[in-house]
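Below is one structure, written out as structure tokens; comments come after it.
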Amino acid sequence: MGGIVVLATGHNPWKVYKGIFSGSGLNWFFHFGNYSIGVPGTDHHVWFWWNTSIQSNAAYNLQQTLLLTTTLILTGLAVAFAFRCGLFNIGGQGQYLIGVITGLWIGTSFPHLARGPHVLLAIVVAAVCGALWAAIAGFLKATTGAHEVITTIMLNWIAYWIGSYLFGQGGPLQNSANKSVPVSDTVVTSAKLPVFWGNAALQGLHIGFFIALAALIAFWFTLNRTTTGYEVRAVGFNPEAARYGGISVARNYILAMAISGSFAGLAGCMDMLGYQYRFGVLDVQTSQLGFIGIAVALLGRNKAIGVALSALLFAALLYGTSTRSIDQSVLRPELAGNLTLMIQALVLLFVGADVLILALWQARRRVLPRRLKPQAPAAEAR
């Protein structure tokens with residue numbers, strides 16, 4: 001469907017998608033042998049597939065795509081875990097912002113703290129605060145029956161205005177160097193996550209990527225190998241049957257939302273400590289990564305491996321269509337960005353439409369045999 005729209009705008013869909021693929025750096029897996037470094041004092045070159053130079057566009061673009069993948073894995077898990085308990089967590093964006101705020105608060109403070117404890121403190125505080133923020137919606141659901149869609153949307157707006165105040169002019173977290181700019185201070189060196197691929201000054205890939213992979217494992221293990229996961233899934237399948245079986249539905253609503261919020265809070269912290277290092281009012285207004293987590297979870301079918309692959313797809317679309325990576329001779333950046341939004345909407349549409357498609361398919365299987373069944377002659381019938 002996206003290709004049809006591209007064709008309708010007068011562009012070649014094959015070239016456009018190839019441009020997005022290359023812009024996201026995914027072609028690095030197929031062409032890394034082209035990168036080489038010279039051996040000093042000789043005319044020889046050594047093939048070097050781990051080239052992190054800015055001149056190696058594929059390697060650099062892939063680093064940026066994996067940075068987004070890291071965030072989208074965590075925001076996708078924030079939605080997926082709640083889904084498994086029968087809850088629709090629309091509040092990933094607000095929980096992400098809470099992680100950003102608390103991560104920056106810790107990350108810009110305690111400059112004399114050692115690197116390990118500083119990073120660990122910021123991660124723990126951000127995850128806990130994200131969990132507490134999401135648990136508000138779980139508590140309201142458990143005690144008053146308030147629908148989590150409504151309460152999480154309201155909490156998103158509360159987090160939005162809290163961030164706007166804190167980073168705004170005169171706000172407690174506004175930078176101390178230039179009071180005319182509504183942005184935070186920069187994260188101190190001791191709180192920055194180590195970069196293992198690329199240049200930290202050019203937003204190299206940090207160890208938060210492995211933390212996101214560990215979160216995927218924790219998500220799978222919790223749901224499939226623990227009593228808590230069993231109870232969460234039982235409530236998600238049928239709350240009344242779970243209650244009849246002795247499972248506390250209210251407790252699991254609160255717990256599921258809290259765990260979801262911890263994933264989203266961790267995502268915000270990873271971005272601040274990993275490569276952004278600062279956040280401002282304009283960022284609060286334009287950030288959408290928490291919302292994209294909804295599409296990531298839906299496309300990933302709320303499964304760990306599905307969320308990982310879906311996060312990679314959406315990250316590739318986001319960075320592959322950005323003004324920094326898209327070949328403007330193939331597609332103008334503003335059209336490319338809109339194409340990404342349209343594909344996200346199509347994913348939600350088609351994933352949501354599968355219930356209707358399956359219902360029609362089942363109806364066809366019931367109706368078609370009756371139509372094909374031979375009818376008795378009228379005389380014999382009488």
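The values are calculated or read from the model by the stated rules, or taken from the named source; none is laboratory data. Since the model is a prediction, treat every value here as computed from it, not as a measurement. Don't worry about glycine lacking a Cβ; one is built from the backbone with ideal geometry, like all the others, and counts go over all protein chains shown. Note: areas computed on protein heavy atoms with side chains; ligands, DNA, RNA excluded. Shrake-Rupley method; radii C 1.70, N 1.55, O 1.52, S 1.80 Å.
Quick rundown of the values:
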quantity: Of all residues in the range 289-314 being without any contact (Cβ under 8 Å) to a residue 60 or more places away in the chain and within 22 Å of S22 (Cα to Cα), the one that is least open to solvent (accessible area, probe 1.4 Å); calculated: L313
quantity: Residue match in the range 315-322 (condition: at pLDDT 80 or above, small (G, A, S) and open to solvent by 20 Å² or more (accessible area, probe 1.4 Å)); calculated: yes
quantity: Selection status of A122, in contact with a helix residue (DSSP H, G or I) (Cβ under 7 Å, 6 or more places away or on another chain), surrounded by fewer than 23 Cβ atoms within 10 Å (Cβ to Cβ) and not β-branched (V, I, T); calculated: no
quantity: Long-range neighbours under 6 Å by Cβ, at least six apart or interchain, first residue open to solvent by 50 Å² or more (accessible area, probe 1.4 Å) within the range 180-191, second of a type in the set (D, E, K, R); calculated: T186/R278
quantity: Filter result for the condition that a residue is surrounded by 22 or more Cβ atoms within 10 Å (Cβ to Cβ) and not β-branched (V, I, T), over G138, G171, G145, G116; calculated: G138
quantity: Count of the range 58-91 residues which are surrounded by fewer than 24 Cβ atoms within 10 Å (Cβ to Cβ), among the small types (G, A, S) and part of a helix (DSSP H, G or I); calculated: 2
quantity: Set A191, A241, A200, A214: member being small (G, A, S) and at pLDDT 95 or above; calculated: A214
quantity: Pair list, Cβ under 7 Å, 6 or more apart: the range 321-339 residue under 15 Å from K18 (Cα atoms) and in contact (Cβ under 8 Å) with a residue 40 or more places away in the chain, other residue open to solvent by 80 Å² or more (accessible area, probe 1.4 Å) and of a type in the set (D, E, K, R); calculated: V330/K15
quantity: In the range 278-312, residue farthest from L349 (Cα to Cα) [restricted to those that are among the hydroxyl-bearing types (S, T, Y) and in contact with a helix residue (DSSP H, G or I) (Cβ under 8 Å, 6 or more places away or on another chain)]; calculated: S287
quantity: Hey, A159 in contact with a Phe, Trp or Tyr (Cβ under 8 Å, 6 or more places away or on another chain), farther than 20 Å from M270 by Cα and surrounded by 15 or more Cβ atoms within 10 Å (Cβ to Cβ) or not; calculated: no
quantity: Members of the range 151-183 found to be among the aliphatic types (A, V, I, L, M) and either within 19 Å of A126 (Cβ to Cβ) or assigned to a strand (DSSP E or B) (or both), listed by number; calculated: L155, I158, A159, I162, L166, L173, V183
quantity: Qualifying residue in the range 92-107 (condition: of a type in the set (S, T, Y) and open to solvent by 30 Å² or more (accessible area, probe 1.4 Å)); calculated: no
quantity: Those residues of the range 339-354 which are under 13 Å from S310 (Cβ atoms) and either open to solvent by less than 50 Å² (accessible area, probe 1.4 Å) or not in a helix (DSSP H, G or I) (or both), in sequence order; calculated: I343, Q344, V347, V351
